[in-house]
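One structure is given below, encoded as structure tokens.
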Amino acid sequence: RDYQQAETERLSRWEKWRRTSSKSLKKAVSEVKGLSSYLVLWRHDIRSIEGKFGTGIQSYFSFLRFLVLLNFIIFILMFSFVILPTIISKYGLFNSTIAYISPKNIDDICTIYKPSGNKGLVYFYTYLKDLLSGTGFLEVTILFYGYYSIDAVWISIMRYNLPLAYLLATFAYLALCLLWIIKRSVEGFKQNLVHNADPFQSYCNKVFAGWDFCITDPSAARLKHRSLQYELQSDLQEEKLKQKIAERRMEEKLRIYSLRIFINIIVIAILSGCFYSIYRVTVFSQENSNVSIRNDTRTILVNLLVQYLPSMVITLANFIAPLIFAFLIKFEEYTPAFEIKLTLMRCVFVRLANIGVLLFSLWSQISDCGSDKCKPCGYNYKLYPCWESDVGREMYKLMMFDFIVILAVALFADFPRMLLVTHCSCKLVQWFGHKEFGISDNVLEIIYGQTICFIGTFFSPLLPAIATIKYFIIFYVKKIVLKHTSKPAAKPIRASSSNFFFLVVLLIGLLLAFVPLGFSIARIPSSKACGPFRHFNTSWEVIPDTILQFPTGLQQFLFGISSEAFAVPFFVI
């Protein structure tokens with residue numbers, strides 16, 4: 001201490017001031033961080049859930065909060081660079097004007113687009129149908145791609161290139177999502193890697209460090225006891241099964257492998273049936289929507305049902321296929337841990353692939369060039385004069401129907417079941433008991449909706465705002481369901497491994513979104529009747545068109561880094 005005092009006395013005034021300032025700054029930063037923690041969304045609610053139900057279920061609600069923030073940031077990005085400049089120019093704010101470019105080498109028939117906006121006296125149920133299907137008055141709003149039919153915005157003396165901004169904003173939100181998800185998954189990956197490194201270490205972790213000290217509720221503590229007991233029993237059973245596998249004779253191996261091949265053929269057949277059904281109902285829905293000019297209640301309901309057929313079939317496939325997979329996996333004789341992983345991956349595949357099949361069905365209709373349907377415009381302009389808005393409407397309907405199903409299950413399935421179990425002493429009802437709050441099923445449910453948002457934002461720029469509101473409401477719905485109608489799963493998954501699994505599946509959904517978006521931007525001819533890219537052959541052409549306005553040296557550099565020889569290795573790395 002004396003040495004420190006002597007050292008302090010020898011310091012110059014400048015050094016003293018610098019050290020004092022550094023300490024004050026660190027203290028201020030620490031206090032700001034402490035105050036900012038109180039501003040974290042649902043901080044108290046998530047801590048309460050963690051204390052009562054453990055870190056496994058808490059990880060689901062934390063993941064839900066992450067999706068709310070992610071969608072809000074995507075919305076801010078699209079609003080700032082696409083929606084706001086369009087609104088400013090449409091209403092002439094800040095002395096702004098709209099610049100339109102006369103179409104060149106485009107057949108006049110390709111530029112005809114008559115949105116089915118409501119005109120005259122309209123019944124209230126027509127508005128309800130439009131709200132659910134994205135047609136009518138919603139078709140001509142900022143919700144869909146077709147509204148942004150502006151070539152440039154002049155704000156005072158500044159020219160704002162809206163087509164370029166639209167495309168770059170799309171690339172920006174995809175890059176932001178990719179980097180943010182990877183950043184969050186790194187920590188979970190490290191913990192998962194350490195946990196799976198050594199089986200003996202796994203036993204030690206369970207025995208000596210397996211208790212969740214966040215738990216404060218007695219019933220949650222008893223549940224944690226049972227879950228630890230289940231994990232140890234599963235580990236012992238798995239080791240026993242591994243020993244049994246090692247001792248199998250050749251005849252037994254042939255029997256099991258033959259059975260697995262047969263079951264996988266059944267799984268492929270089920271998937272093929274789901275995909276074919278989605279393809280057929282999508283084609284039927286697109287060909288028979290809005291065919292009637294009558295406006296009575298019965299016709300509107302039938303039309304709404306036809307429009308929602310793809311969403312209904314996809315939801316049905318997402319519900320039935322996992323139940324069949326869970327039943328079939330029991331006969332394949334895998335280890336318990338691998339059973340869970342394989343079932344989850346099959347469920348992930350069926351949910352995400354269903355969206356891909358729907359988009360493939362739409363594009364097969366858009367690019368259906370039989371009998372020279374596409375000759376003047378490059379796409380089926382008679383059925384899809386503004387095909388981007390049509391794809392946006394399908395994504396909008398999928399998101400709305402998914403939200404309606406989540407609310408309906410909570411209201412008409414979970415709550416009646418809770419009332420029956422509570423007030424009915426029938427043995428059959430008591431055998432069913434309260435519904436388990438399955439973390440993996442709930443996560444797959446919201447990742448399916450998020451993948452729709454990743455794909456649909458390009459075609460419907462306001463979709464992230466709808467997703468933000470949707471997940472905000474779902475948080476409270478799931479919280480009520482958890483506390484009042486459900487019980488935690490008897491076989492919970494670990495928080496660290498669950499966080500990593502959630503992010504990996506979300507990353508798969510994002511990578512899936514890259515494929516249809518890349519195909520739409522680079523390959524399919526853009527609509528000539530609507531949208532910011534109507535003067536370009538494809539949406540991507542706005543990039544080379546802008547680069548051609550730069551100096552020659554900069555042009556050569558940008559064309560070099562955008563070539564396949566550079567771009568493909570770069571993106572792979």
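A short reminder: the numbers here are calculations on the coordinates, not readings from a lab. Quick caveat, the model's predicted, so the values are computed rather than measured. Note that each Cβ is placed from the backbone with ideal geometry, even for glycine, and that neighbours are counted across all protein chains shown.
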**Message:** Set the bar at 20 Å for Cα to Cα. Now go through Lys114/Lys470; Lys242/Lys330; Lys375/Lys397; Lys52/Lys479; Lys382/Lys528 and name every pair that lies beyond it.
**Reply:** Lys114/Lys470; Lys375/Lys397
**Request:** DSSP loop (so not H, G, I, E, B), at most 13 other Cβ within 10 Å: list which trypsin sites (Lys or Arg not before Pro) in the range 208-275 pass both filters.
**Result:** Arg248, Arg249
**Fill in**
Projected onto their principal axes, the Cα atoms of the range 434-573 stretch, largest extent first, over whole-Å spans of 68, 37, 22
**Message:** Which order do the peptides 443-452, 466-475 come out in when sorted by mean C-beta neighbours inside 10 angstrom, highest first?
**Reply:** 443-452, 466-475
**Asked** Counting only residues 5 or more places away or on other chains, whose amide H sits under 5 Å from the amide H of Ala152 once H atoms are built in the peptide plane?
**Response** Ala99, Leu162
**Asked** What's log10 of I(q)/I(0) for the range 309-350 at q = 0.18, 0.20, 0.25 Å⁻¹, Debye sum over Cα points only, no solvent?
**Response** -0.52, -0.60, -0.81
**Ordering of 56-67, 302-313, 80-91 by packing [mean C-beta count within 10 Å, highest first]** = 56-67, 302-313, 80-91
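Given the peptides 432-440, 547-555, arrange them by the average over their residues of other C-beta atoms within 10 Å, most packed first.
Details: 432-440: 16.2, 547-555: 10.1.
Going from most to least packed, we get 432-440, 547-555.
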**Neighbour cut-off at most 14 other Cβ (10 Å), DSSP loop, GluC sites (Glu not before Pro), the range 235-284** = Glu247
